[in-house]
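Here the structure comes first, spelled out in structure tokens, and everything after it is commentary.
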Ligand code: FES
């Protein structure tokens with residue numbers, strides 16, 4: 001199991017099997033990483049791996065459409081495209097003053113956007 005710390009959600013900690021998708025763990029455990037499409041299109045799930053970047057898998061082509069090389073160097077990834085094989089700490093920009101975005105897992109491109 002790996003440990004994921006959701007820094008922007010009060011440091012909430014969740015455990016998950018190795019090679020779990022970061023956004024899926026966030027949804028399942030109410031980690032709070034923002035998202036819309038879940039499929040690498042919208043860029044909403046941009047987050048920063050504060051610790052454990054070496055425990056993430058290879059950068060996907062879809063991520064390169066939203067993030068620049070300097071973003072990757074700073075530890076930014078797109079949660080829906082990132083799988084973790086070791087402990088990580090992840091932060092993101094909190095919208096609406098809340099760290100938690102309420103929503104359901106969906107692969108639909110038009111998943112509803114939670115309002116404040
Ligand atoms: S949720 Fe849309 S790109 Fe990750």
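The values are calculated or read from the model by the stated rules, or taken from the named source; none is laboratory data. What you see is a predicted model, and the numbers here were worked out from it, not measured in a lab. Backbone-built Cβ (ideal geometry, glycine too); neighbour counts: all protein chains shown.
Can you tell me which residue is nearest to residue 34 (Cα to Cα) among those in region 59-87 that are assigned to a loop (DSSP other than H, G, I, E, B) and in contact with a helix residue (DSSP H, G or I) (Cβ under 8 Å, 6 or more places away or on another chain)? Before the answer, list the steps.
Here is the first cut: in region 59-87, the ones assigned to a loop (DSSP other than H, G, I, E, B) are 59-60, 65-68, 74-75, 82, 85-87.
Retained after the next criterion (residues that are in contact with a helix residue (DSSP H, G or I) (Cβ under 8 Å, 6 or more places away or on another chain)): 59-60, 75, 82, 85-87.
On the way: 59: 19, 60: 19, 75: 17, 82: 14, 85: 21, 86: 22, 87: 20 Å.
Taking the candidates together, the pick is 82.
Please determine whether any residue of region 89-98 is under 15 Å from residue 38 (Cα atoms) and surrounded by 15 or more Cβ atoms within 10 Å (Cβ to Cβ).
Let us first name the residues in region 89-98 that are under 15 Å from residue 38 (Cα atoms), namely none.
So far as region 89-98 goes, no, none of its residues is under 15 Å from residue 38 (Cα atoms) and surrounded by 15 or more Cβ atoms within 10 Å (Cβ to Cβ).
Would you tally the residues in region 26-41 being within 15 Å of the ligand (Cβ to nearest atom) and in contact with a helix residue (DSSP H, G or I) (Cβ under 9 Å, 6 or more places away or on another chain)?
Residues that pass the stated criteria total 11.
With (1) more than 10 Å from the ligand (Cβ to nearest atom); (2) at pLDDT 95 or above; (3) under 20 Å from residue 6 (Cβ atoms) as the list, and residue 72 as the residue in question, which single condition is left unmet?
Checking residue 72 against (1) more than 10 Å from the ligand (Cβ to nearest atom); (2) at pLDDT 95 or above; (3) under 20 Å from residue 6 (Cβ atoms), the one that fails is (3).
Going through region 42-58 one residue at a time, which ones are away from the ligand (no atom under 16 Å from the Cβ) and either surrounded by 23 or more Cβ atoms within 10 Å (Cβ to Cβ) or outside any loop (DSSP other than H, G, I, E, B) (or both)?
Scanning region 42-58 gives 50, 51, 53, 54, 55.
Scan region 60-82 for residues that are surrounded by fewer than 16 Cβ atoms within 10 Å (Cβ to Cβ) and closer than 21 Å to residue 18 by Cα and jot them down.
Of everything in region 60-82, just one residue is surrounded by fewer than 16 Cβ atoms within 10 Å (Cβ to Cβ) and closer than 21 Å to residue 18 by Cα, namely 60.
Please determine whether any residue of region 27-41 is under 14 Å from the mean Cα position of the chain (by Cα), buried (at least 17 other Cβ atoms within 10 Å of the Cβ), in a strand (DSSP E or B) and in contact (Cβ under 8 Å) with a residue 60 or more places away in the chain.
No: zero hits.
Name the residues in region 4-26 that are assigned to a loop (DSSP other than H, G, I, E, B) and either in contact (Cβ under 8 Å) with a residue 40 or more places away in the chain or buried (at least 21 other Cβ atoms within 10 Å of the Cβ) (or both), would you?
So the first thing to find is which residues in region 4-26 are assigned to a loop (DSSP other than H, G, I, E, B), and the list is 10-11, 17-19.
Listed by number, the residues that qualify are 10, 18, 19.
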